[in-house]
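The values are calculated or read from the model by the stated rules, or taken from the named source; none is laboratory data. No experiment lies behind these values; they were computed from the predicted model shown. Don't worry about glycine lacking a Cβ; one is built from the backbone with ideal geometry, like all the others, and counts go over all protein chains shown. The area values use the complete protein model at the heavy-atom level, side chains included, leaving out ligands, DNA and RNA. Shrake-Rupley method; radii C 1.70, N 1.55, O 1.52, S 1.80 Å.
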Amino acid sequence: MSEQTSSRSVSVVGLGPMGQAMVRAFLDAGVEVTVWNRSADKVDAMVELGAHRAATVAEALDANEVTVLSLTHYAAMYDVLGQAIEHLPGKVIANLSSDSPEQTRKGAEWVRSHGAQFLSGGVMSAGDNIVHPASYIFYSGPREVFDAHAELLRPLSPQEYLGADDGLAQVFYQALLTIFHPWMLAFDQATAMIDRSGHSIAEFVPFAIRSAAAFPYFMEEMSVANQNGGWAGLASLKMMVAGAQHIIDASEEVGVDATFSHTAQSFWRKAVAASEAKGEAVSTYALMRGDS
Ligand SMILES: NC(=O)c1ccc[n+]([C@@H]2O[C@H](COP(=O)([O-])OP(=O)(O)OC[C@H]3O[C@@H](n4cnc5c(N)ncnc54)[C@H](OP(=O)(O)O)[C@@H]3O)[C@@H](O)[C@H]2O)c1
């Protein structure tokens, strides 16, 4: 495969749902794309759309200055780039895979030790719908590397550069997923309760969306409280324990698994116990933060 010199070309390695969405976004923006994936069938689908096939990781690296990685985790990066280490010098690796901040920092160091530049990213998308208006990508790593390649990467989603610490994109990304994952499970529990109670999920959803409009208000209020030690008050904490019990009862009365609400209740119970032991209100935020 010949060396491509156009700045409007990129390699994408890893063609799960996210990598495929990225290839489509690049192609739609007129960027030439070379692809490699461990399982070849996914490559075929992208070649049909107009991407170039790399037969090996080395070919994918050679094809462009910038290679975007979209892999399950950082462990996969070592498996993949480990096949072509001698092709890394002079290249730019933008790893947009999810992992912990510390794994990301180690990965960045490893890539640089083999002569390539590195950027990390956290894709804060609506699932794999990276063209959804709410989607954007956190980036971290050296500012000059980000600035040099921001234009090329722009078709992937709006960009939020956070800073030089390689782990930073993942700190923000994982913090946001910390909110999103419980929300997903809570939504399952709520809709199971509605369904098991003999009602229509479709009828319920508009109310859920309407109530979600209050979430920004709660986030603002709680962020102020948490910057000051967290929201606490013994009476309020006891009220949350009682409230959680009502949710547990409403779920279990109709056979819905309330494990999640039991867990929530256990935090408020812990805060009540800590508050009573200390003689002053202790917030769940302080407990989670590990304040003594
Ligand atoms: N999908 C989403 O909605 C979404 C949203 C935001 C962020 N993300 C993040 O974006 C990344 C990619 O997402 P995805 O949904 O596309 O993930 P995925 O379904 O797990 O696929 C990722 C890719 O990683 C490859 N892979 C995994 N282990 C490998 C290994 N040891 N060696 C070589 N290749 C390996 C897979 O290859 P094979 O095809 O051969 O299995 C696949 O191409 C993840 O870190 C994910 O957390 C995803």
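Ranking Q170, S9, Q159 by how far each Cα lies toward the positive end of the dipole of the chain (charges on Cβ) leaves Q170 at the top.
In this structure, the amide hydrogen of T34, modeled 1.01 Å from its nitrogen in the peptide plane, lies closer than 5 angstrom to those of V10, S11, V12, H52, counting only residues at least 5 positions away or on a different chain. Modelled spin-label separation between T56 and R289, with each label point placed 7 Å from Cα along the Cα-to-Cβ direction: 5.3 nm. Rolling a 1.4 Å probe across the protein heavy atoms gives region 117-188 an accessible surface of 48 Å² per residue.
Placing pseudo-labels 7 Å out from each Cα toward the beta carbon at D195 and E48 gives an inter-label distance of 3.1 nm. Mean residue ellipticity, 222 nm, helices only, the chain: the sum of -39500 (n - 2.57) across DSSP H runs of n ≥ 4, divided by residue count and rounded to 500, is -17500 deg cm²/dmol. Between A84, A213, A281, find the one with the highest GNM mean-square fluctuation for the chain; connect C-alpha pairs within less than 10 Å. Top of the fluctuation ranking is A213. Across the protein chains, with a 1.4 Å probe defining accessible surface, the residues L185, L27, L61 rank L185, L27, L61 from largest area downward. In this calculation the C-beta distance from V254 to W183 is compared with R0 = 25 Å, giving a FRET efficiency of 0.70. Seen through its C-alpha gyration tensor, with square-root eigenvalues sorted a ≥ b ≥ c, the chain comes out prolate because a/c lies at 1.5 or above while a/b is bigger than b/c.
Taking V241, V224, V23 as the candidate residues, the one with maximal mean-square fluctuation in a Gaussian network model of the chain, Cα springs under 10 Å, is V224. Note on K278 and H132: with the Förster distance fixed at 45 Å, the Cβ-Cβ geometry gives a FRET efficiency of about 0.50. Proximity of backbone amide H atoms, modeled 1.01 Å from N, is registered between S97 and L71, G121 at under 5 Å, excluding neighbours fewer than 5 places apart on the same chain.
FRET efficiency for the A202 to S113 pair, using the beta carbon distance and R₀ = 45 Å, is estimated at 0.25.
DSSP bridge analysis restricted to the chain gives an antiparallel fraction near 20%, rounded to the nearest 5.
Pick from E32, E220, E253 the residue whose mean-square fluctuation is largest in a GNM of the chain, springs joining Cα atoms under 10 Å. Of E32, E220, E253, the most mobile in the Gaussian network model is E220. Projected label points at E160 and A148, each 7 Å from Cα along the beta carbon direction, are separated by 2.6 nanometres.
Relative protection proxy for 171-181, 111-121, from highest mean packing down: 111-121, 171-181 (other beta-carbon atoms within 10 angstrom). An ellipsoid equivalent to region 91-190, defined through the eigenvalues of its Cα gyration tensor, has semi-axes of 26, 16, 10 Å when rounded to whole angstrom and sorted largest first.
Can you tell me which aspartates and glutamates have their Cα less than 19 Å from the Cα of K238? Leave out same-chain residues fewer than eight positions away. Here the aspartates and glutamates satisfying the reach criterion relative to K238 are D249, E276, E280. Using a 1.4 angstrom probe on heavy atoms only, work out the carbon and sulfur share of the accessible area of the chain in %. Whole-percent figure for carbon plus sulfur exposure: 58.
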